[in-house]
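Input: a single structure, listed below in structure tokens.
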Amino acid sequence: MAIAFEANNVEMELAAPGMDIVGFEHEAETAEQKSAVETALADLKEPLKLFAMPDSAGCTVTSADVKVVAEEHEDHPATAEAGEAAGSEEHGTHHTEFRATYALACADTAQAAWLDFPFFDRFAGSWKLGVTVVDANGQTAFEVSREARYLER
């Protein structure tokens, strides 16, 4: 995840494997899987419910673009052979990823001194996120997790 603070604007980008968000990485096939994807997309369109900042920052969402991207990847021969030997059938060579970009307008981004990640409450398959924060002080890398979900910038 990347979060950029500039003046009173915040831009956020999130990329997460389908496994972390809905519990699978192949294209949704069943009605239950399709419903899980639709629900996740709807939830991801509400970033302030997933990535909380102090109310005093006065942030509102000005845009939220969320999508599922299927990427092809090449299987390594050893991995493919191991899968065949075990009798497992992989769902093609696609890996799905949820990608979201958000724009926020804030009354005072200086008040956004911390972020909490209720994201982990909503997405049970997610255990950690690498977060890069860019602001007037430069770029800082953090790791937040289910156990340590609070970030101070």
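Mind checking which pairs have a first residue in segment 102-131 that is free of Cβ contacts under 8 Å to residues at least 40 places away in the same chain and a second that is open to solvent by less than 10 Å² (accessible area, probe 1.4 Å) and part of a loop (DSSP other than H, G, I, E, B), Cβ under 7 Å, 6 or more apart or different chains?
Once the first residue is free of Cβ contacts under 8 Å to residues at least 40 places away in the same chain and sits in segment 102-131, its partners that are open to solvent by less than 10 Å² (accessible area, probe 1.4 Å) and part of a loop (DSSP other than H, G, I, E, B) give Phe120/Ser126.
Is it the case, given these coordinates, that Ala70 is modelled with pLDDT of 95 or more, surrounded by 12 or more Cβ atoms within 10 Å (Cβ to Cβ) and part of a strand (DSSP E or B)? Show your work before the answer.
Details: modelled with pLDDT of 95 or more: no; surrounded by 12 or more Cβ atoms within 10 Å (Cβ to Cβ): yes; part of a strand (DSSP E or B): yes.
Judged against the criteria, Ala70 is not a match.
Would you be able to tell me the number of residues in segment 2-25 that are open to solvent by 20 Å² or more (accessible area, probe 1.4 Å), outside any strand (DSSP E or B) and either among the aromatic types (Phe, Trp, Tyr) or out of contact with any Gly (no Cβ under 7 Å at 6 or more places or on another chain) (or both)?
Residues flagged as open to solvent by 20 Å² or more (accessible area, probe 1.4 Å), outside any strand (DSSP E or B) and either among the aromatic types (Phe, Trp, Tyr) or out of contact with any Gly (no Cβ under 7 Å at 6 or more places or on another chain) (or both) within segment 2-25 amount to 4.
Does segment 130-143 contain any residue that is closer than 24 Å to Lys45 by Cβ, acidic (Asp, Glu) and open to solvent by 30 Å² or more (accessible area, probe 1.4 Å)?
No, the conditions are met nowhere in segment 130-143.
I need the full set of residues from segment 132-146 which are touching a strand residue (DSSP E or B) at 6+ places or on another chain (Cβ under 9 Å) and without any contact (Cβ under 8 Å) to a residue 60 or more places away in the chain, in order please. Can you show your working first?
Start the filter on segment 132-146 by keeping residues that are touching a strand residue (DSSP E or B) at 6+ places or on another chain (Cβ under 9 Å), which leaves 132-136, 139-146.
Gln139, Thr140, Ala141, Phe142, Glu143, Val144, Ser145, Arg146, listed by residue number.
Taking the options Ala85, Ala80, Ala36, Ala105, name whichever one is of a type in the set (Gly, Ala, Ser), open to solvent by 20 Å² or more (accessible area, probe 1.4 Å), at pLDDT below 95 and out of contact with any Asp or Glu (no Cβ under 9 Å at 6 or more places or on another chain).
Working: Ala80 fails: out of contact with any Asp or Glu (no Cβ under 9 Å at 6 or more places or on another chain); Ala36 fails: at pLDDT below 95; Ala105 fails: at pLDDT below 95.
Residue meeting the stated conditions: Ala85.
Would you confirm whether any residue within segment 40-60 is within 16 Å of Leu129 (Cβ to Cβ) and in a strand (DSSP E or B)?
Narrowing segment 40-60 to residues within 16 Å of Leu129 (Cβ to Cβ): 40, 43-44, 47, 49-53.
Those left that are additionally in a strand (DSSP E or B): 52.
Yes, there is a match, as at least one residue in segment 40-60 is within 16 Å of Leu129 (Cβ to Cβ) and in a strand (DSSP E or B).
Out of Ala36, Ala57, Ala28, Ala15, which single residue is out of contact with any helix residue (DSSP H, G or I) (no Cβ under 8 Å at 6 or more places or on another chain) and of a type in the set (Gly, Ala, Ser)? First the steps, then the outcome.
Details: Ala36 fails: out of contact with any helix residue (DSSP H, G or I) (no Cβ under 8 Å at 6 or more places or on another chain); Ala57 fails: out of contact with any helix residue (DSSP H, G or I) (no Cβ under 8 Å at 6 or more places or on another chain); Ala28 fails: out of contact with any helix residue (DSSP H, G or I) (no Cβ under 8 Å at 6 or more places or on another chain).
Every option except Ala15 fails the conditions.
Among the candidates Asp121, Asp75, single out the residue that is at pLDDT below 95, of a type outside the set (Gly, Ala, Ser) and open to solvent by 60 Å² or more (accessible area, probe 1.4 Å).
Asp75
Six or more apart or on different chains, Cβ atoms under 8 Å: show the pairs whose first residue is in segment 26-41 and under 26 Å from Tyr102 (Cβ atoms) and whose second is loosely packed, with under 15 Cβ neighbours inside 10 Å and small (Gly, Ala, Ser).
Sorted first by the residue in segment 26-41, then by its partner, the pairs are Glu27/Ala70; Glu27/Gly92; Ala36/Gly23.
The values are calculated or read from the model by the stated rules, or taken from the named source; none is laboratory data. This one's a predicted model, so the numbers in the text were calculated from it and none came from an experiment. With ideal geometry, Cβ positions are generated from the backbone for all residues, glycine too; neighbour counts draw on all protein chains shown. Just so you know, the surface numbers come from the protein's heavy atoms only, side chains and all, with ligands and any DNA or RNA stripped out. Shrake-Rupley method; radii C 1.70, N 1.55, O 1.52, S 1.80 Å.
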